[in-house]
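> Take this structure, written in structure tokens, and hold onto it; I'll ask about it next.
The values are calculated or read from the model by the stated rules, or taken from the named source; none is laboratory data. This structure is a prediction, so every number in the text was calculated from the model and none was measured. Cβ: placed from backbone, ideal geometry, glycine included. Neighbour counts: every protein chain shown. We work out accessible area using only protein heavy atoms, side chains counted, and drop any ligands, DNA or RNA first. Shrake-Rupley method; radii C 1.70, N 1.55, O 1.52, S 1.80 Å.
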Amino acid sequence: MELVSPKDVQDLPDAVSEAEYKHAMRRVVSPVAVITARSPRGRNGLTATAICSVTTNPPTIVVCVNRRAKMLSLVGENGAFAVNFLSEQQSDLARAFSNHELKGEARLALGRWTGLKTGAPILEESVSSFDCVLEQSLIHGTHEVLFGRVVAVTSTEFNALLYRDGFFRRVAPE
Ligand SMILES: Cc1cc2nc3c(=O)[nH]c(=O)nc-3n(C[C@H](O)[C@H](O)[C@H](O)COP(=O)(O)O)c2cc1C
């Protein structure tokens, strides 16, 4: 096909439907994390796969959180959150933290938690956990993109829990 000019690129309509976008994205393998936050009002978190390392200097992670997620107000109140990448033994936590019917403390009761610098809940025996100060956030459609400056980390040798096509999965050697 011919290259579309920069001007015409801007005028392209939404070329794919939501269903097409979701179908293609389901094929992509993602690590699974629990994003947590704590304020004087309490603790909560949610299961997330929309996470990316932005830069190593300054060490920065972005996470994309639905604006309706209950933990988002805690992030705003304390200006901090933690990203806990789950191990293959922790799929029960991934299920609990995506169960709309469970409140924050009922979700956290399934794991053992500590704190590092900000006080956001850090999961013991996670693959890696990143304690983050909220640097900035921007709203895009249904989601809020949180930029976290990493102020403390932990890591272990456990294997990562993965998600693809609606199922939790394990890392297999080549
Ligand atoms: C595998 C998986 C990945 C998810 N990824 C995200 C994500 O990246 N961002 C998000 O906002 N919600 C994501 N969710 C949905 C939330 O975990 C879920 O809606 C959660 O219940 C929201 O918390 P709340 O019920 O306390 O509002 C994911 C769910 C699953 C099972």
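> What residue, among those in the range 132-165 that are small (Gly, Ala, Ser) and open to solvent by less than 40 Å² (accessible area, probe 1.4 Å), is farthest from the chain's Cα centre (by Cα)?
Out of the qualifying residues, it is 152.
> Scan the range 115-123 and give yes if some residue there is outside any loop (DSSP other than H, G, I, E, B), under 21 Å from residue 40 (Cα atoms) and touching a Phe, Trp or Tyr at 6+ places or on another chain (Cβ under 9 Å), otherwise no.
Looking for residues that are outside any loop (DSSP other than H, G, I, E, B), under 21 Å from residue 40 (Cα atoms) and touching a Phe, Trp or Tyr at 6+ places or on another chain (Cβ under 9 Å), one finds at least one in the range 115-123, hence yes.
> Follow-up. Being in contact (Cβ under 8 Å) with a residue 40 or more places away in the chain and farther than 15 Å from residue 130 by Cα is the filter here, so list the residues in the range 29-44 that pass it.
Hits for the range 29-44 are 29, 30, 42, 43, 44.
> Moving to a separate point now. Counting only residues that are without any contact (Cβ under 8 Å) to a residue 12 or more places away in the chain and open to solvent by 70 Å² or more (accessible area, probe 1.4 Å), how many does the range 99-117 have?
3
> So residue 129 fits all but one of (1) within 13 Å of the chain's Cα centre (by Cα); (2) within 16 Å of the ligand (Cβ to nearest atom); what number is the exception?
(2)
> Still on this structure: When you go through 138, 161, 134 one by one, which is the residue that is part of a strand (DSSP E or B), farther than 29 Å from residue 40 by Cβ and at pLDDT 95 or above?
Only one candidate qualifies: 161.
> Specify the residue that is farthest from the ligand (Cβ to nearest atom); the eligible residues are those in the range 45-59 that are open to solvent by 20 Å² or more (accessible area, probe 1.4 Å) and in contact (Cβ under 8 Å) with a residue 24 or more places away in the chain.
Taking the candidates together, the pick is 58.
> Restricting to the range 27-41, and then to whatever is assigned to a strand (DSSP E or B) and away from the ligand (no atom under 12 Å from the Cβ), can you tell me which residue is most open to solvent (accessible area, probe 1.4 Å)?
The extreme case among them is 38.
> Please state which one of 15, 82, 69, 24 is hydrophobic (A, V, I, L, M, F, W, C), at pLDDT below 95 and either part of a loop (DSSP other than H, G, I, E, B) or more than 14 Å from the ligand (Cβ to nearest atom) (or both).
15
> Select from the range 85-98 the residues that are open to solvent by 60 Å² or more (accessible area, probe 1.4 Å) and either in a helix (DSSP H, G or I) or farther than 12 Å from residue 33 by Cα (or both) and write down the one among them that is nearest to the ligand (Cβ to nearest atom).
Here the answer is 95.
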